[in-house]
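Trainee: Structure incoming, see below.
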Amino acid sequence: MKVLITNDDGILAPALPALISFVQSFASEVVAVAPKVEQSGMSHAIDFTRPIEIKRVDVAPGARCYSMDSTPADCVRFAVLGLKEHFDLVISGINRGYNLGKDLVYSGTAGAVFEAARLGIPGIAISTGFHDSAFALASLPSLLAYFKENGLLEKHPLYNINMPEAAPKGVRITRQGGIYYTDEFKQTAPEIYEQVGEPAKQTDLDPEADIIALSEGYISITPLSATRTDFAALERIKIKKSFQSKL
């Protein structure tokens, strides 16, 4: 198995060498392409308006690693379209900061695996809290065993995973919950504002929601869809068997 690793925290992210080392335990080849600087909140953005700096760097023994002055999605694009290589799996993370609920739409970590899906490659996004990735890293072997035992990648190609900053109680297969972070524009100087946010109080008590599972100490695994078509709505509004109708 050939695995591509990326993230949105950047090529110097502290968790990246450890993640590469773990993936080398089951993959025949590992390539890492990560942003030159942090790209949090970039979602699925790509940059096609300027030349992009890409450098070979040393991050972990036995892995080819590249620093790219662009977004996580572009890192995946370069690995596939620039290096012209085939990958069996893309892993994005381990992100510093949870990617949960409706806020997933902003995530550069998730944007990378959505681009992988667009290119026909299975993808897994992994996130943990801001303070400590040690428990997430220690849980990776158990997480891998869970995926293998339950054939998750055979059943579906795209997942978002959030891991507690403590020893997990177990695993839950979840859905996206509601809004996780509060949002505010805070004025810090004349004509200058910063966007700030804190975890919001949860009103969604469904144990299958990713936010609730994580808050109760479980690893949350959410299957994602790469398409934005609402198929249920599509079926409701179709006019019999016709794809068009006269006005």
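Trainee: Which residue, Gly120, Ala32, Tyr193, has the largest displacement toward the positive end of the dipole of the chain when charges sit on each Cβ (Lys, Arg +1; Asp, Glu -1)?
Mentor: Toward the positive end, the furthest listed residue is Gly120.
Trainee: What is the calculated FRET efficiency for Leu234 to Leu205, with r their C-beta to C-beta distance and R₀ = 30 Å, to the nearest 0.05?
Mentor: 0.45
Trainee: While we're here: Relative contact order for the stretch 129-210: what is it in percent, counting Cα pairs under 8 Å that are at least 6 residues apart?
Mentor: Averaging sequence separation for qualifying contacts and normalising by length gives 28 percent for the stretch 129-210.
Trainee: 7 Å from Cα along Cα→Cβ at both Arg175 and Ala145: what's the point-to-point distance in nm?
Mentor: If labels sit at Arg175 and Ala145, their model points lie 3.1 nm apart.
Trainee: Let me ask something additional. Among all lysine pairs in the chain that are eight or more places apart or on different chains, how many have alpha carbons less than 18 angstrom apart?
Mentor: So the count works out to 6.
Trainee: A further question follows. Given an 8 Å cut-off on Cα distances and at least 6 residues of separation, report the relative contact order of the stretch 7-65 as a percent.
Mentor: Relative contact order here is 45 percent.
Trainee: Obtain the nm distance between the two label points defined at Phe48 and Leu153 by a simple spin-label model: each point lies 7 Å from its Cα along the Cα-to-C-beta direction.
Mentor: 2.9 nm
Trainee: Count charges around Tyr193 for me, please; just the other residues with Cβ under 15 Å from its Cβ, Lys/Arg as +1, Asp/Glu as -1.
Mentor: Result for the neighbourhood of Tyr193: -3.
Trainee: Hey, another quick one. Express in whole angstrom the spacing between the alpha-carbon centres of the stretch 53-128 and the stretch 28-44.
Mentor: 4 Å
Trainee: If I model a spin label at Phe135 and Lys102 as a point 7 Å from the Cα along the Cα→Cβ vector, what separation in nanometres do I get?
Mentor: 2.8 nm
Trainee: Tell me, what is the percent relative contact order of the chain, built from C-alpha pairs under 8 Å that lie six or more residues apart?
Mentor: 17 percent
Trainee: A further question follows. Among DSSP bridges having both ends in the chain, what percentage is antiparallel? Round to the nearest 5.
Mentor: 35 percent
Trainee: Here's something else I'd like to know. If packing is taken as the average number of other Cβ atoms within 10 Å across a peptide's residues, how do 179-186, 17-24 rank, most packed first?
Mentor: 17-24, 179-186
Trainee: Using the Cα centre of the chain as the reference point, and only Cβ charges (+1 on K/R, -1 on D/E), how large is the resulting charge dipole? Debye, rounded to the nearest 20.
Mentor: With Lys and Arg at +1 and Asp and Glu at -1, about 1080 debye.
Trainee: Is the chain best put as rounded, prolate or oblate by its Cα gyration tensor, with a ≥ b ≥ c the root eigenvalues, rounded for a/c under 1.5, and otherwise prolate when a/b is larger than b/c, oblate when not?
Mentor: Because its axes are fairly even, with a/c under 1.5, the chain counts as rounded.
Computed from the coordinates by the stated procedures, all read-outs in this text should not be read as laboratory data. Keep in mind that what you see is a predicted model, and the values were worked out from it rather than measured. In this analysis, Cβ positions are derived from the backbone assuming ideal geometry, glycine residues included, and neighbour counts consider all displayed protein chains.
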